[in-house]
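Notes follow the structure.
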Amino acid sequence: MSSPEPLTRLVRLLARLPGVGEKTAARFALHFCLENAELAGALAAELEHLHERVGPCARCNNLAERDQDGALLCGVCRDSRRDAALLCIVAKVQDLVAVERSGAMRGRYFVLGKLLSPLDGIGPEALPLAALAARIEQDRVSEVIIATPPSVDGEATALLLARELTAQGVRVTRIASGVPHGGDLEFADQITLGRAIDGRRSL
Ligand SMILES: [Zn+2]
């Protein structure tokens, strides 16, 4: 049985989304075609301009909405009630979202974007260490909480950061091992992650 070509293309695109298999993609595509033309239009309009409107925060790499002057500053960096002297380092935006959800972080963030991974050829030079050092200097950060995941790459990155940042004269702590080894912060529950932050230890 053959589907119209545009429908097949839509299914192929949707199936590339995380957590969406071929069957779910087909269900979504049929829903757009048969039942919800309005949703399809609204979604298309939103997606078309998404990358113009949203981009990485100039200070922390979190996602931010572009303002009228074209500048990108995220909600956390705009929030003056945040403690600028406390900086939490995470691997990716999804982890920042998870830490925020725990409610245990009153400081600000720095998103690395990647982790050390010697096997994949990702060495220290691939990490934004200069930008991080500049940020610490500018904001007079006194404590850095390293919240990279408890995986081999996450631990290797934490050790490298601890060495670099301690040399810069900052107190460096690591989130406690409440998050299971090899686990993903993104999928840790709020209470576990909140405890992991409260129970951080010096490196
Ligand atoms: Zn930011």
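If you go through the range 80-135 one residue at a time, how many are surrounded by fewer than 21 Cβ atoms within 10 Å (Cβ to Cβ) and among the β-branched types (Val, Ile, Thr)?
3
Please determine whether any residue of the range 9-23 is surrounded by fewer than 17 Cβ atoms within 10 Å (Cβ to Cβ) and within 16 Å of the ligand (Cβ to nearest atom).
The first filter runs over the range 9-23 and keeps only residues surrounded by fewer than 17 Cβ atoms within 10 Å (Cβ to Cβ), leaving 9, 12-13, 15-23.
Add one more test, that the residue is within 16 Å of the ligand (Cβ to nearest atom), and what stays is none.
Looking for residues that are surrounded by fewer than 17 Cβ atoms within 10 Å (Cβ to Cβ) and within 16 Å of the ligand (Cβ to nearest atom), one finds none in the range 9-23, hence no.
Can Ala104 be described as more than 16 Å from the ligand (Cβ to nearest atom), within 30 Å of Ala156 (Cα to Cα), hydrophobic (A, V, I, L, M, F, W, C) and in the same structural domain as Val141 (by TED's automatic domain parsing)?
Judged against the criteria, Ala104 is a match.
Of all residues in the range 99-133, which are among the small types (Gly, Ala, Ser) and out of contact with any Pro (no Cβ under 8 Å at 6 or more places or on another chain)? If you could, list the steps in order and put the result at the bottom.
Step one: of the range 99-133, the residues among the small types (Gly, Ala, Ser) are 102-104, 107, 113, 117, 121, 123, 126, 130-131, 133.
Matches in the range 99-133: Ser102, Gly103, Ala104, Gly107, Ser117, Gly121, Gly123, Ala126, Ala130, Ala131, Ala133.
With the requirement that a residue be in contact (Cβ under 8 Å) with a residue 12 or more places away in the chain and outside any loop (DSSP other than H, G, I, E, B), what does the range 37-67 give you?
Once the filter is applied, which keeps residues that are in contact (Cβ under 8 Å) with a residue 12 or more places away in the chain and outside any loop (DSSP other than H, G, I, E, B), the range 37-67 yields Glu52, Arg53, Val54, Gly55, Pro56, Leu63, Ala64, Glu65, Arg66.
The values are calculated or read from the model by the stated rules, or taken from the named source; none is laboratory data. All of these numbers come straight from a predicted model, not from anything done at the bench. With ideal geometry, Cβ positions are generated from the backbone for all residues, glycine too; neighbour counts draw on all protein chains shown.
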